[in-house]
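These notes concern the structure reproduced below.
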Amino acid sequence: MTSTSTSTMLSLASASLTASLSVHENLKGRLKLGGGSLSFNKEKANPFIKTKSFSRISMVAAIKVSRFEGVTMAPPDPILGVSEAFKADNDQKKLNLGVGAYRTEELQPYVLNVVKKAENLMVERGENKEYLPIEGLAAFNKVTAELLFGASNPVIKEQRVATVQGLSGTGSLRLAAALIERYFPGAKVLISSPTWGNHKNIFNDARVPWSEYRYYDPKTVGLDFDGMIADIKAAPEGSFVLLHGCAHNPTGIDPTPEQWEKIADVIQEKNHIPFFDVAYQGFASGSLDADAGSVRLFAARGMELLVAQSYSKNLGLYAERIGAINVVCTSADAATRVKSQLKRLARPMYSNPPIHGAKIVANVVGDPTLFNEWKAEMEMMAGRIKNVRQKLYDSLTAKDKSGKDWSFILKQIGMFSFTGLNKAQSDNMTNKWHVYMTKDGRISLAGLSLAKCEYLADAIIDSYHNVS
């Protein structure tokens with residue numbers, strides 16, 4: 001090697017080391033990140049610098065820091081997280097009673113036969129996948145409003161209902177929340193205690209204030225009707241009162257027809273606006289008309305109201321995200337204006353809704369033959385859940401020798417049962433018995449088979465009596 005090449009290499013090494021040491025000294029000072037800065041202490045380990053020492057020389061390399069460093073890990077969803085935990089459990093006896101999705105007696109997902117027929121019709125017709133209007137499929141909007149209120153209802157005949165197709169129940173509720181935030185600024189929404197886990201998230205994200213009204217009475221495992229009425233009366237005039245049209249989630253406890261009348265009286269007296277969440281029409285009792293009774297009662301009084309609908313449960317269209325928001329107004333002119341603003345709100349959210357589920361509903365509800373087949377399948381599904389509810393009650397009363405009254409299970413309706421178990425007892429259900437459920441004590445009877453009722457009864461009895 002020549003002296004010239006040796007000299008050149010030494011010069012390059014010296015320059016590289018000088019630059020490295022310079023970077024090191026600069027990083028000992030302050031590293032600017034966005035609008036803030038981070039200080040470095042040479043005596044402490046530095047998370048942003050990896051150092052390798054060679055004799056007296058430190059070689060330094062800076063690691064790039066994410067601009068999303070301040071984004072924290074979100075907690076798991078309290079409902080959907082149950083399914084994730086269930087999948088990770090390898091025990092053969094495990095039960096998933098968390099998510100509200102219908103299962104067969106073999107605990108398998110069920111696609112309704114009438115849905116398959118409706119889809120076959122769509123294939124035969126060669127229907128396209130063009131964009132829907134912002135408000136959704138016209139045929140769907142027509143049949144869903146008629147299904148809810150009744151085709152001969154004056155609110156339908158007088159065109160006083162603004163109906164917009166939404167992204168199932170959640171999306172429909174969110175669109176309504178945006179309407180409240182924009183046109184009723186400062187108005188509060190009253191929510192039952194307890195309620196479906198996503199209700200509060202929806203109103204929080206829409207920046208709509210909310211408070212709770214009493215609903216569940218842990219002493220009776222029933223409805224705290226007096227508390228409910230008192231809280232609705234005490235709310236600021238003109239509040240929105242969120243009501244579960246049927247099969248209250250999570251309790252399964254519904255007001256009686258007489259109690260619904262009194263609830264309507266108080267809401268009218270306080271000039272409140274009723275806001276119904278109808279996720280189980282036809283799926284609760286097996287009757288579409290019976291399950292819409294509360295909504296129709298309020299509409300018959302001439303009240304303006306909001307109703308969110310979902311077809312996830314009653315048609316099993318969980319993944320299609322098909323539902324609607326309906327706003328009943330005092331005039332057709334008001335309904336037209338409200339619909340225009342719902343469309344305006346929907347446009348920047350998602351532009352327009354999906355078409356597949358809307359066409360399924362329109363085909364099923366709009367065709368007399370398919371409609372009757374659907375009603376028969378709904379009665380079958382609702383009947384299976386009723387049988388499971390009865391078998392669970394029978395198993396509990398036969399096995400539990402303490403004399404505890406389990407009859408509240410039979411008084412509840414729909415796919416859920418509120419067991420009255422607290423968080424510690426619910427944890428025992430999962431940790432010891434491999435029964436996956438929400439921590440508020442709710443179980444989905446739609447995920448239970450007759451064959452598993454005795455096992456579940458053993459788990460409930462053990463958790464109730466042996467865990468404080």
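Averaging 1/r over every pair of different alpha carbons in region 165-258 and inverting the result gives a Kirkwood radius of 14.0 Å. Counting only residues at least eight positions apart within a chain, or on another chain, the lysines with an alpha carbon under 24 Å from that of K343 are K129, K142, K157, K188, K200, K359. Compactness check for region 319-468: Cα Rg over 2.2 N^0.38 Å is 1.48. Remark: C-alpha extents of the chain on the principal axes read 102, 63, 55 Å, sorted largest to smallest. Surface composition of region 162-297: carbon and sulfur make up 49 percent of the accessible area, probe 1.4 Å. Computed over neighbours whose Cβ is under 12 Å from that of D333, the net charge equals +2, Lys and Arg +1, Asp and Glu -1. Gyration tensor over the Cα atoms of region 333-382: the corresponding equivalent ellipsoid has semi-axes (square roots of 5 times the eigenvalues, largest first) of 31, 14, 10 Å. Under conditions of 37 °C and 0.692 mPa s, region 72-138 yields 202 µm² s⁻¹ as its translational diffusion coefficient, taking Rh as the Kirkwood radius over Cα pairs in the Stokes-Einstein equation.
Calculate one ³J(HN,Hα) per residue across region 213-222 by plugging θ = phi - 60° into the Karplus curve 6.51 cos²θ - 1.76 cosθ + 1.60, and present them in order as whole Hz with x for glycine and proline. Ordered by residue, 3J(HN,Hα) equals 10, 5, 9, 8, 10, x, 5, 9, 6, x Hz. Rolling a 1.4 Å probe over the protein heavy atoms gives the chain an accessible area of 49 Å² per residue.
Calculate I(q)/I(0) for region 215-267 by the Debye formula, one identical point scatterer on each C-alpha and no solvent, and give its log10 at q = 0.19, 0.21, 0.22, 0.23 Å⁻¹ to two decimals. Here the Debye-derived log intensity ratios amount to -0.67, -0.81, -0.89, -0.97. Inter-part distance, region 208-274 to region 109-177, computed on C-alpha centroids, equals 28 Å.
Sum up the charges of everything whose Cβ sits under 13 Å from the Cβ of A382, counting Lys and Arg as +1 and Asp and Glu as -1, but leave A382 out.
+2
Select from the chain the helices, each a whole stretch of DSSP H, whose alpha-carbon atoms run 20 Å or more along the helix axis and whose Kyte-Doolittle mean is at least 0.0; answer none if there are none.
TM-like helix candidates: 3-28, 168-183.
Of the trypsin sites (Lys or Arg not before Pro) found in region 205-265, those that fall in a DSSP loop while having at most 15 other beta-carbon atoms within 10 Å are R207, K219. When Rg and the Kirkwood Rh are both derived from Cα coordinates, the Rg/Rh ratio for region 108-230 amounts to 1.06.
All other residues with a Cβ under 14 Å from the Cβ of N249 taken together, and with Lys, Arg as +1 and Asp, Glu as -1, what is their net charge?
It works out to a net charge of -1.
The values are calculated or read from the model by the stated rules, or taken from the named source; none is laboratory data. Keep in mind the model is a prediction, meaning the values are calculated, not measured. Here Cβ is always computed from backbone atoms with ideal geometry, including for glycine, and neighbour counts include all displayed protein chains. Side chains included, ligands, DNA and RNA excluded: accessible areas come from the protein's heavy atoms. Shrake-Rupley method; radii C 1.70, N 1.55, O 1.52, S 1.80 Å.
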